[in-house]
Amino acid sequence: DIDEQNASLKNALRQTLPSAAQQQIALSDAPIAAATAALRASFDSRHGGFGDAPKFPHPVELEFILRRYAADNDADALTIVRTTLGSMAEGGIYDQLGGGFARYSVDRFWMIPHFEKMLYDNGPLLRLYADAWLAMKEPLFAQVVNGTAQWVLREMQSPEGGYYSTIDADSEHEEGKFYVWTTDEVRRLLSADEYAVVAPHYGLDRPANFEGKDWHLRVVQGLDEIAAEAGKTLEQCESLLDSARAKLFAEREKRVHPGRDEKILTSWNALMIKGMARAAQVFGRDDWLASADRARRFVRDTLWRNGRLLATYKSAAESSGDSKQTGRAHLNAYLDDYAFLLDALLELLQARFRSDDLGFAVELADALLTRFEDKENGGFFFTSHDHEPLIHRPKPGHDNATPSGNGIAAFALSRFGHLVGEPRYIDAAERALQLFYAAMQRQASGFASLAMALEQALKPPQIVVLRGKSTDDLALWQRALQAHYLPNTLTLAIPAGATNLPVALDKPASETVNAWVCRGVTCLPPIDDLAALIEVCKTSEGASRIASS
C-alpha cells in the first residue's frame, strides 16, 4: 500500500511539470496581451497594486506593465505603475525615515506592513523605481531610489562586500516596535514649527493607526497643502520636514534594532546587484555602482568555485565573534542563482564595461545550459543535473515572491545571445518558451518574467555598441542614452583597450565615438551623431531602417 501511495504521489508531482509540445509552436504575442488584460482587471485603481489585502509589491508584474508603456505607448499601463508606486512610496510599506520596503502590507492601503525587509524585494523595487523615474520624472520616485539605496549601503552590505538577506520584523519581542511612535515622543523631539508640518504630513493629527495606540508613519497630506494652510512657502515646509526627519531618524537609531539575517545568498545578491547597478546608471551615482561591483566581486571570489556557483555564505566571525575565522560558503547553487546572476552581469556590463565581467557571463551562461537545461523537453530544472537525487525535480515557470528561474534564464540568455552573437543561448531560451507557452496562455498574469522573455523572442533586443578612444566621450554618449527609458535596448560603451571581445562586439575604436545599432543579425551603418543615435533608439524606425551589415 505504501509503495502504491508513493508511486501515486510521484506521478502527481510529475503532472506539475509543463508538458513538452509534440511539435514546435508558433509563438505569438497573445500571452502578452492576456497578461496585460488580467493585470489591468485586478488593478486597484484607488490605492494601487493588484487585488485586495494583504498586498505584495509584485515588482516583476509592474516591470512587465511599464514595458507595455514603452512598447505600445499604453497610457493605462503608465497609470497602473504611477498609482501603485506612488501609493507604496507614500505608504507605511516604505520606511519613511530610513528607506527600504517591508515585505507586504496587511491592508489594501499600503499603511501597515509586515515590518520584515527582504533583500529580494528591495533589489527589483530599486530598479523599478529608477526606470519609472526615467519614464515619468516623478520626484517622489527619485527620493525612494535614494532612500532605498542609502539603506542598502548603511544596513545591508557586509564588510566583505556581499549583501545580507533580511531585517527582522521584531525588536524586543514586538513586531514593529522599532518603527512606530507616540505623538508625545515626536513632540518632545521636534520644534513647534517642525511638528506643525510633520503631524499633518505623516498623519499624527489623526487617530493612531497601529494597535490603537501608536503611529506608523505614512504620507497623509502633501506639503503643498500644508504650506498653503500654514501660510508658509513650500521650501520652508520642505526644510522643516527635512530637519524633523533627521531628528526622528537619529532618535530611532538609539532604539534596539531588529535582528538581521546575515546569510549572503547568491540569488538575492544578484537581484540587488542588478538593482544598484541600474539605479547607478539612471542617477549617475558612482557610489551605488561601486556597491554593486563589490557584491559582484564577493560572489565571484567566494561563491564561484571550479566553474560552479555555491548558494550561500555565512561569515564565521559573525556567528562566533572570532574575527580570525573564515566564513563558510556551501550548498550547490540552484537555477535562480545562475539565472539571476547572469541577468545582473548584463546590467553591470552596461553600467561599466569590463572584459573580465563579460568572460564571467560566458562561463555562467555555459554552466546554466550544462547543469540545468532539459535538452530533450526544453526549460530548466531548479536543481542541477549533479544535485543530490530528489523524488521530484521542479521546473519553476510561475513568478512568486521572486521572479521565475525559467523566466529570468530565458530573458537573460536571449539578451546575452544577441549581445555576443551566440545562437546556443537564444535557442535554449526559445525552447523554454516553447515548453511554457501553453501554461502562459492559460494563466498569463502568473508568468510575467516569461512574458518579457517572449516579447524579446518576438522582437530581439536592440544592441548599441559605443566605441571610441576617448573614455570621456564614451561616458558622455552613454549617459545621454541612459537618460531615456529604453527597456529593450542594451548599451555597451567599450573602451579602446578592451580585449577578448566576441566578433559581435569587436567594432573598431576611432578617435571620435561611433555607435553600432543592431537588432538580431543585422546592423545599421555606424552612427557618429549623438542626437541621431538617440532618435534611432527612441523610435521604432530603428528596426525598420536596419539593413544587413
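The values are calculated or read from the model by the stated rules, or taken from the named source; none is laboratory data. These numbers were taken from a predicted model, which means no experiment stands behind them. Reconstructed Cβ throughout: ideal geometry from the backbone, glycine too, with neighbour counts over all protein chains shown. SASA here: full protein model, heavy atoms, side chains in, ligands and nucleic acids out. Shrake-Rupley method; radii C 1.70, N 1.55, O 1.52, S 1.80 Å.
Of note:
- Charge dipole of segment 361-446 (Cα centre as origin; +1 on each Lys and Arg Cβ, -1 on each Asp and Glu Cβ, all else neutral): 260 debye, rounded to the nearest 20.
- Area of Thr512 that stays accessible when all protein chains are in place (1.4 Å probe, Å², to 10): 90
- Measuring between their Cα centroids, segment 372-421 and segment 50-76 lie 24 Å from each other.
- Contact order normalised by residue count of segment 169-217, Cα under 8 Å, 6+ apart, percent: 38
- Between Asp193 and Gln221, full extension at 0.36 nm per residue minus the direct alpha carbon distance yields a gain of 8.5 nm.
- Tensor-based shape of segment 352-509 (alpha-carbon gyration tensor, a/c under 1.5 rounded, otherwise prolate or oblate): prolate
- For segment 365-462, trypsin sites (Lys or Arg not before Pro) meeting the loop criterion (DSSP other than H, G, I, E, B) and having at most 15 other Cβ atoms within 10 Å: Lys375.
- Whole-Hz couplings from phi, Karplus 6.51/-1.76/1.60, listed for segment 148-164; x for Gly and Pro: 5, 5, 5, 4, 4, 5, 6, 10, 10, 9, 6, x, 7, x, x, 9, 5
- Stretching the chain fully between Asp214 and Asp170 yields a gain of 14.3 nm (0.36 nm per residue, less the alpha carbon separation).
- Lone cysteines, the chain (no partner Cβ under 4.7 Å): Cys237, Cys537
- Portion, in percent, of the accessible area of the chain that falls on carbon or sulfur, probe 1.4 Å: 49
- Restricting the trypsin sites (Lys or Arg not before Pro) of segment 163-221 to loop positions (DSSP other than H, G, I, E, B) with no more than 12 neighbouring Cβ atoms within 10 Å leaves Lys213.
- MRE, 222 nm, helices only [DSSP H, n ≥ 4, -39500 (n - 2.57), over the chain, to nearest 500]: -16000 deg cm²/dmol
- Take every Cα pair under 8 Å whose residues are at least 6 apart in sequence, average their separation, divide by the length of the chain, and the relative contact order is 14 percent.
- Longest exposed-site-free window of the chain, the sites being GluC sites (Glu not before Pro) in a DSSP loop that have at most 13 other C-beta atoms within 10 Å: 1-171
- Computed from the Cβ-Cβ distance with R0 of 35 Å, the FRET efficiency linking Thr79 to Arg328 stands at 0.15.
- For the chain, the longest principal axis of the Cα atoms and the long axis of helix 355-372 meet at an angle of about 80 degrees.
- Prolate/oblate/rounded call for segment 202-288, Cα gyration tensor, a/c under 1.5 rounded: oblate
- Prolate/oblate/rounded call for segment 121-250, Cα gyration tensor, a/c under 1.5 rounded: oblate
- Gap separating the Cα centres of segment 473-536 and segment 91-116, nearest whole Å: 40
- Cross-link partners of Lys507 among aspartates and glutamates (Cα-Cα below 19 Å; sequence separation of 8 or more within a chain): Asp356, Asp357, Glu422, Asp472, Asp473, Asp528, Asp529
- Relative contact order computed over segment 200-283 (Cα-Cα under 8 Å; 6+ residues apart), in percent: 17
- Set Lys247/Lys314; Lys314/Lys469; Lys375/Lys538; Lys137/Lys263; Lys263/Lys375; Lys213/Lys254 screened for pairs whose C-alpha atoms are more than 31 Å apart: Lys247/Lys314; Lys314/Lys469; Lys375/Lys538; Lys137/Lys263; Lys263/Lys375
- Rolling a 1.4 angstrom probe over the protein heavy atoms with all chains in place gives the chain an accessible area of 42 Å² per residue.
- For Leu490, distant residues with modelled amide H under 5 Å away: Gln462, Ile463, Val464
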